[in-house]
Every structure is written in structure tokens, then in C-alpha cells.
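Before I ask anything, here is the structure I am working with.
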Amino acid sequence: MMDTVQVMAGVTLSRAARRVSTYTMLGLSLLPAVLCGALGYADLGGIAVAGPLALRVLGPLLVAALVAGPVGEALEHRTVVYPFTRPVSRAAVVLGEFLGMAVVAGLMLGIAGGFLAIANALVANGDLGSLWRIPLALGLEGVVLAGFSTGVALLFPRHPLVATVGLLTLTEGALSVAPGALQHASLTTHIGHLARVASEAQDAGGGGAAPTSAAVTALVLAAYGLGPLAVGARVVQDRDLT
């Protein structure tokens, strides 16, 4: 099984590296850093504006486009297992696909977070801890969203991007600005607290839920990343992938 996972992860990484869209999305992911630098230089907010843009809007949308479309297309066109010449475990195929996408999405948002942290440090005198805290938090967001997007694409292979963006609009668009404790059901609320970007945005006038315990944050991240993935892997067992 592990051989299948490794092969599938490698195939997924190779496909992503050959897509022009991968590099286009990487370029788009750097926009919050540019915005942070420009606004910070003009003393118009900087990270308080660019941070939530990266966490709640651009990050989820880019990962959804990066992951959900290709996964759903591979399932719909029955090309997901073409690298193999013998029967393989479908769970291993799904896990390998997820791991490959998680690496790509994690690197993309991690790089974006690194540039955002540098821009914040240059124009807003951000603390040294932000130089590792922001990229690590955004990279973690990319990994979790890769699991979420892969799982949704497995469940809705005909319209994977629409389904993923629709669900993210509910969880990260509505719940992230919901009153009080409801915000704790939002992935990006927890990522914002880990990056300490949310608190700066709140200081700019947003308010919001207070940080929760590490256990609650870990539970929410696991539910987002592994919940849809596990359900999707179970459903795909009943599909013909060949």
C-alpha cells in the first residue's frame, strides 16, 4: 500500500509541476504581500487588511482551484489510476493524491506567507516571530485545505470546484464573521490566531472570537482536513475508477 501511496503522490506532484496554472496561482498568492507593503508604506493598515485577505479569501480560493479541479477531473475521466498496471487500493490512491496536493498547496501558501511576513516586517516593524509564524500558519492552512478540497472533489467529481467554493463560502465566508463562538467553526479563524494576524485585524476594528485552546484548534483543523477526505475515500470505494 505504501508503494502505491508514494507513486501516486509522485505522479500528483509531477502533474502539478507541469501545469502553468500552478505557477499562475503561486503568483496570485503573493498579492497580499504586495498589498501589505503598499498599504503599510502609506500607513493605511498593512497586515490588518492583507492578512485577512490572504487567510480568508485568496488562500482558500486558490487551493480550491489548485486541488479540486484536477482531482475531480481525474475521477470523472477515469484517469486517476492509469499509472498502475495492476489492481491497487483505492484508499492508497486517494491518500497519495492528497499527499501530493498537500505538498503543493502547503508550499504555495507557505511561500505566500513568507513574503507577507517580510512585507509586514519591512513596513510595519513586525516582530521577528512573525517571520516564521505567518508562513507556517499559512502553510498549515494549505495542507488542511488540500484535504478538504480533495474530499469534496471525491464527493462531487462533476462539479468539484463549484462544490468546494460553495462550502468554503459557508464556512470561511459566513462563519468567520458570525457572532461570537460560531467563529470557532471556521478554519481560517484558527489559522488567523496561530499566525496572530486575526488579533491585528481585530485591533483595526473587527472584533471577533477570542483564541481557543490548542486542543480545540487541532480538532477543528483535523475535522476540516480529514473529515471530507475520509468520507470521500469511503464513497469512492463504490465507484469504478478504471
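The values are calculated or read from the model by the stated rules, or taken from the named source; none is laboratory data. Predicted model only: the values in this text are computed from it and were never measured. All Cβ positions, even for glycine, are placed from backbone atoms using ideal geometry, and neighbour counts span all protein chains on display.
Please go through (1) in contact (Cβ under 8 Å) with a residue 60 or more places away in the chain; (2) not in a helix (DSSP H, G or I) for VAL143 and return the number of the only condition it doesn't satisfy.
(2)
For (1) assigned to a helix (DSSP H, G or I); (2) modelled with pLDDT of 95 or more; (3) farther than 27 Å from ALA195 by Cβ, each residue gets a yes or a no:
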| residue | (1), (2), (3) |
| --- | --- |
| VAL57 | yes, no, no |
| VAL80 | no, no, yes |
| PHE84 | no, no, yes |
| GLY110 | yes, yes, no |
| ALA121 | yes, no, no |
| ILE134 | yes, no, no |
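Quick check: is even one residue across the range 40-58 hydroxyl-bearing (Ser, Thr, Tyr), buried (at least 17 other Cβ atoms within 10 Å of the Cβ) and in contact (Cβ under 8 Å) with a residue 24 or more places away in the chain? Working first, answer last.
Initially, the range 40-58 is screened for residues hydroxyl-bearing (Ser, Thr, Tyr), giving 41.
Those left that are additionally buried (at least 17 other Cβ atoms within 10 Å of the Cβ): none.
Within the range 40-58 (the criterion being hydroxyl-bearing (Ser, Thr, Tyr), buried (at least 17 other Cβ atoms within 10 Å of the Cβ) and in contact (Cβ under 8 Å) with a residue 24 or more places away in the chain), the answer is no, since none of the residues qualifies.
Further question: Among the candidates ALA102, ALA65, ALA91, ALA33, which residue alone is of a type in the set (Gly, Ala, Ser), surrounded by fewer than 17 Cβ atoms within 10 Å (Cβ to Cβ) and either more than 22 Å from LEU136 (Cα to Cα) or at pLDDT 90 or above (or both)?
None of the other options fit; the residue is ALA91.
Can you give me the number of residues within the range 146-174 that are of a type in the set (Phe, Trp, Tyr) and either more than 15 Å from the chain's Cα centre (by Cα) or not in a helix (DSSP H, G or I) (or both)?
1
Also: When you look at LEU194, is it modelled with pLDDT of 80 or more, part of a helix (DSSP H, G or I) and exposed (fewer than 14 other Cβ atoms within 10 Å of the Cβ), yes or no?
no
Moving on. So ASN125 clears everything in (1) at pLDDT below 90; (2) on the phi < 0 side of the Ramachandran plot except one condition, right? Which one?
So ASN125 meets the others, but not (2).
Tell me which residues, restricted to the range 123-132, are assigned to a helix (DSSP H, G or I) and buried (at least 18 other Cβ atoms within 10 Å of the Cβ). Can you show your working first?
Here is the first cut: in the range 123-132, the residues assigned to a helix (DSSP H, G or I) are 123-124, 130-132.
Residues satisfying the conditions are VAL123, ALA124, SER130.
Restricting to the range 18-38, name every residue that is without any contact (Cβ under 8 Å) to a residue 60 or more places away in the chain and in a helix (DSSP H, G or I).
Within the range 18-38, ARG18, VAL20, SER21, TYR23, THR24, GLY27, LEU28, LEU31, LEU35, ALA38 meet the criteria.
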